[in-house]
Amino acid sequence: SFTVTASRTLVANFSLNAYTITTSSNPTAGGNTSGGGTYNYGDTATVSATANAGYTFVNWTEGGTVVSTDEDYSFTVTSSRTLVANFSTNQYIITTSSNPTVGGTTSGGGTYNYGDTATVSATANVGYTFINWTEGGTVVSNDEDYSFTVTSSRDLVANFSQDEYIITTVANPTVGGTTAGGGTYHYGDTATVVAVANPNYNFVNWTENGTVVSTDATYSFTVTESRNLTANFDEIMSVDDPISKTYGIYPNPVRDFATVMMGDEHINSVQIYHVSGQLVKVLKGNGLNQFQIDMRLYDKTSYIIKVFTDKGVKTFKILRK
């Protein structure tokens, strides 16, 4: 205000308003921002968000309100602003499987955040052994428990091998017969071992470490471990003239009754087998050194007579006529 005393030319001076644009990241590890600073009113500001590895840009917010979903956000400056670039942590899927599927089980797969530590584990089933972890055919670990930092989705395969076992067969005595069926088998295979007696010998049983495991010449079993099997044979004894020997069976051939003579041994039991090896009859012994068998009860063919005494086992062959 002033008193007019003369003509005057007056100039009103204005300054352009300046505004501050502030940018930040949420979370701070999620990425970087640029474009913040001081701007004049009416200027065009462009703020940019760049996600770090393992993160993805989501949006720009101001006071919790979304103002843009573009990484590069341009606007006309009319006021100061505080802008937040929001990032989400990337999630990845870890898949595990077994090869072969019956070889074992796996665990540890699932959804992980970027940077997490994942541990996948492989457990072999009975009869299988863990070999390694592979990804796309490439070995990534030889450890059953494999730990790693998650930076991407992964498809991991636990590889297993089927255990192999050796079945060994021998004849006792070696002149008693032959054996077959031994060799290398996988866990769970069915092995069949066969014992064939030589002339004048009779198959007795299969033993393992001295323990009888089968009395059948053809013995089948499921392989779960390596085994050392022995086929035992007895020499067949035959006596037609009991007067000249203390051990034997007479008469031979026999029509009615056969007498077993065992010298100074006491008879506990007698087993009668068809010549094919099939058990026909078990007779309780009398504790004496002689035993009589009624052969009229049996068909006309050859038989193997096993006599169990207090000192061992003797085997005879007799013909029922």
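The values are calculated or read from the model by the stated rules, or taken from the named source; none is laboratory data. Just so you know, these numbers come straight off a predicted model, no measurement behind them. Please note: Cβ atoms are built from the backbone with ideal geometry, for glycine as well, and neighbour counts cover all protein chains shown. With ligands, DNA and RNA removed, areas are computed over all heavy atoms of the protein, side chains included. Shrake-Rupley method; radii C 1.70, N 1.55, O 1.52, S 1.80 Å.
Quick notes on this structure:
- Criterion applied to Glu235, Glu164 was being under 21 Å from Lys306 (Cα atoms), among the charged types (D, E, K, R) and surrounded by fewer than 17 Cβ atoms within 10 Å (Cβ to Cβ), and the one residue passing it is Glu235.
- Within segment 77-88, being surrounded by 13 or more Cβ atoms within 10 Å (Cβ to Cβ) and either free of Cβ contacts under 8 Å to residues at least 60 places away in the same chain or aliphatic (A, V, I, L, M) (or both) holds for Val77, Leu83, Val84, Ala85, Ser88.
- Pairing residues of segment 37-56 that are in contact (Cβ under 8 Å) with a residue 40 or more places away in the chain with residues that are open to solvent by 40 Å² or more (accessible area, probe 1.4 Å) and hydroxyl-bearing (Ser, Thr, Tyr), at Cβ distances under 8 Å and at least 6 apart in sequence or on separate chains, gives Ala53/Tyr114; Ala53/Thr151; Gly54/Thr89; Gly54/Tyr114; Gly54/Thr151; Tyr55/Ser88; Tyr55/Thr89; Tyr55/Tyr114.
- Summed over segment 183-206, the residues that are within 30 Å of Thr106 (Cα to Cα) and not in a loop (DSSP other than H, G, I, E, B) give a count of 4.
- Candidates in segment 7-41 are the residues that are of a type in the set (Phe, Trp, Tyr) and out of contact with any Leu (no Cβ under 8 Å at 6 or more places or on another chain); of these, the one that is most open to solvent (accessible area, probe 1.4 Å) is Phe14.
- The set of residues from segment 308-319 being within 20 Å of Ser276 (Cβ to Cβ) and open to solvent by 30 Å² or more (accessible area, probe 1.4 Å) comprises Val313, Lys317, Leu319.
- Counted residues, segment 167-182 - those being part of a strand (DSSP E or B) and either surrounded by fewer than 13 Cβ atoms within 10 Å (Cβ to Cβ) or touching a residue at least 24 places away in the same chain (Cβ under 8 Å) (or both): 8
- Meets criteria (modelled with pLDDT of 95 or more, in a loop (DSSP other than H, G, I, E, B) and open to solvent by less than 70 Å² (accessible area, probe 1.4 Å)) for Gly115: no
Matching residues to (1) farther than 19 Å from Ala195 by Cβ; (2) part of a loop (DSSP other than H, G, I, E, B); (3) within 55 Å of the chain's Cα centre (by Cα):
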site	(1), (2), (3)
Glu265	yes, yes, yes
Asn268	yes, no, yes
Gln271	no, no, yes
Leu283	yes, no, yes
Leu288	yes, yes, no
Asp299	yes, yes, yes
Phe308	yes, no, yes
Ile318	yes, no, yes
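- When restricted to residues that are within 14 Å of Thr169 (Cβ to Cβ) and in contact with an Asp or Glu (Cβ under 7 Å, 6 or more places away or on another chain), segment 186-224 contains 1.
- Of all residues in segment 42-60 being within 25 Å of Asn90 (Cβ to Cβ) and in a loop (DSSP other than H, G, I, E, B), the one that is least open to solvent (accessible area, probe 1.4 Å): Gly54
- Filtering segment 61-71 for residues that are among the hydrophobic types (A, V, I, L, M, F, W, C), open to solvent by 30 Å² or more (accessible area, probe 1.4 Å), in contact (Cβ under 8 Å) with a residue 60 or more places away in the chain and over 30 Å from Gly188 (Cα atoms) leaves an empty set.
- Tyr219 fulfils the conditions (1) touching a Phe, Trp or Tyr at 6+ places or on another chain (Cβ under 6 Å); (2) at pLDDT below 95 except for a single criterion, (2).
- Options Val254, Val282, Val239, Val270; residue that is at pLDDT 90 or above, within 13 Å of Lys317 (Cβ to Cβ) and among the β-branched types (Val, Ile, Thr): Val254
- Residue within segment 292-307 that is farther than 18 Å from Ile318 by Cα and exposed (fewer than 12 other Cβ atoms within 10 Å of the Cβ) present: no
- Taking the listed residues Asn228, Asn205, Asn132, Asn125, the one that is open to solvent by less than 50 Å² (accessible area, probe 1.4 Å) and over 24 Å from Ser302 (Cβ atoms) is Asn132, with no other qualifying.
- Residue match in segment 100-108 (condition: closer than 30 Å to Asp145 by Cβ, free of Cβ contacts under 8 Å to residues at least 40 places away in the same chain and among the small types (Gly, Ala, Ser)): yes
- Each residue in segment 266-275 was checked for being surrounded by fewer than 19 Cβ atoms within 10 Å (Cβ to Cβ) and touching a Ser or Thr at 6+ places or on another chain (Cβ under 8 Å), and 4 of them qualify.
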